[in-house]
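Comments concern the structure below.
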Amino acid sequence: MNVQVDRPIGMFDSGFGGLTVARALIDMMPNENLVYIGDTGRYPYGNKSASDVRNFALEIANSLVNDFNVKMIVVACNTAASVALLELQGSLSVPVIGVVEPGARALVHATKNNCVAVIGTVGTIASGAYKNAVSSASSEISRKVSLTASACPGFVEFVERDETSGNAVTELAEKLLAPIRKAGVDSLLLGCTHYPYLSEVIGQVMGSGVKLINSADATVSVVREALAKNKIARSIQPDAPDSPRFFGSHEFYSSGDIRHFAELGRRFLGPELSVAKQWPK
């Protein structure tokens, strides 16, 4: 038995948003083991300083390596990935994947009129990470893409309160998305893992002519490639594809109220989040 292969994938976010990436990973790679940490005791990250977010990310990532023996880390938080990814990749002994680059590539490949936008937290947009990532992705396929980047303060808080519809969030979306609509974009990247929970509202405000890009699937595709490249993918045995022992285990931790995290998180993720545990342990 390859013990390294059976080690879990570690994933973290400031709270519930990263569960969109966890959902995609469970669906696309059901045989992989997963440990997810939601830092709800310190969320949201979007209005924190870059140095604070970097410290949070390093603390959680080191815990995933040292306490949970993960074989890979997915930074399922745009704010954390935008300010800490390079440092995490340089300091940890396991592969580290972020959500920014995969999302940017998906956005560039989706556009027809070469006019795109990304929305995110104040911290993510201010970092310039998406501007750089879109520029790099455009150069890869020799396209000149115009990017409009806009911060959407308040979206995360609505999601964390499980208020994903209604007049209040719709009015906020109309106000915050007005510059994006004026830019004439045909593709919009939801540059925060919380934002897919607001897809219906955002889609209504933007109109049917604008394609919404969720970076979760693109990120998990990169995870799959990295697992294969490093020869640490947990394969389903062909002679026993339905055996329970070949389906992954999923553990969920919260730095805040674990009962609230489990209750709200289960609505977002599904039955896999049956119980949450306290982090740090």
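A few comments on the model shown:
- Screening Thr193 on (1) in contact with a strand residue (DSSP E or B) (Cβ under 9 Å, 6 or more places away or on another chain); (2) buried (at least 22 other Cβ atoms within 10 Å of the Cβ); (3) modelled with pLDDT of 95 or more shows it passes everything except condition (3).
- Scanning the stretch 97-146 for residues that are more than 25 Å from Glu225 (Cβ to Cβ) and of a type outside the set (S, T, N, Q) turns up Lys112, Cys115, Ala117, Ile119, Val122, Gly123, Ile125, Ala126, Gly128, Lys144.
- Boolean, Val108 is farther than 19 Å from Leu19 by Cα and part of a strand (DSSP E or B): no
- Scanning the stretch 191-232 for residues that are over 11 Å from Pro102 (Cα atoms), of a type in the set (A, V, I, L, M, F, W, C), touching a residue at least 12 places away in the same chain (Cβ under 8 Å) and part of a helix (DSSP H, G or I) yields Leu198, Val201, Ile202, Val205, Met206, Ala226, Leu227.
- The number of residues in the stretch 130-155 that are assigned to a helix (DSSP H, G or I) and either out of contact with any helix residue (DSSP H, G or I) (no Cβ under 7 Å at 6 or more places or on another chain) or under 23 Å from Ala173 (Cα atoms) (or both) comes to 8.
- Selection status of Leu58, surrounded by fewer than 16 Cβ atoms within 10 Å (Cβ to Cβ), assigned to a helix (DSSP H, G or I) and free of Cβ contacts under 8 Å to residues at least 40 places away in the same chain: no
- Of Glu87, Glu101, all but one fail to be within 23 Å of Ser14 (Cα to Cα), of a type in the set (D, E, K, R) and more than 14 Å from the chain's Cα centre (by Cα); the exception is Glu87.
- Positions within the stretch 61-83 being part of a helix (DSSP H, G or I), within 14 Å of Arg7 (Cα to Cα) and of a type outside the set (D, E, K, R), in sequence order: Leu64, Val65, Asn66, Phe68
- Within the stretch 18-34, being among the β-branched types (Val, Ile, Thr) and either in a loop (DSSP other than H, G, I, E, B) or surrounded by fewer than 24 Cβ atoms within 10 Å (Cβ to Cβ) (or both) holds for one residue alone: Ile26.
The values are calculated or read from the model by the stated rules, or taken from the named source; none is laboratory data. Keep in mind it's a predicted model, so treat the numbers as computed, not measured. In this analysis, Cβ positions are derived from the backbone assuming ideal geometry, glycine residues included, and neighbour counts consider all displayed protein chains.
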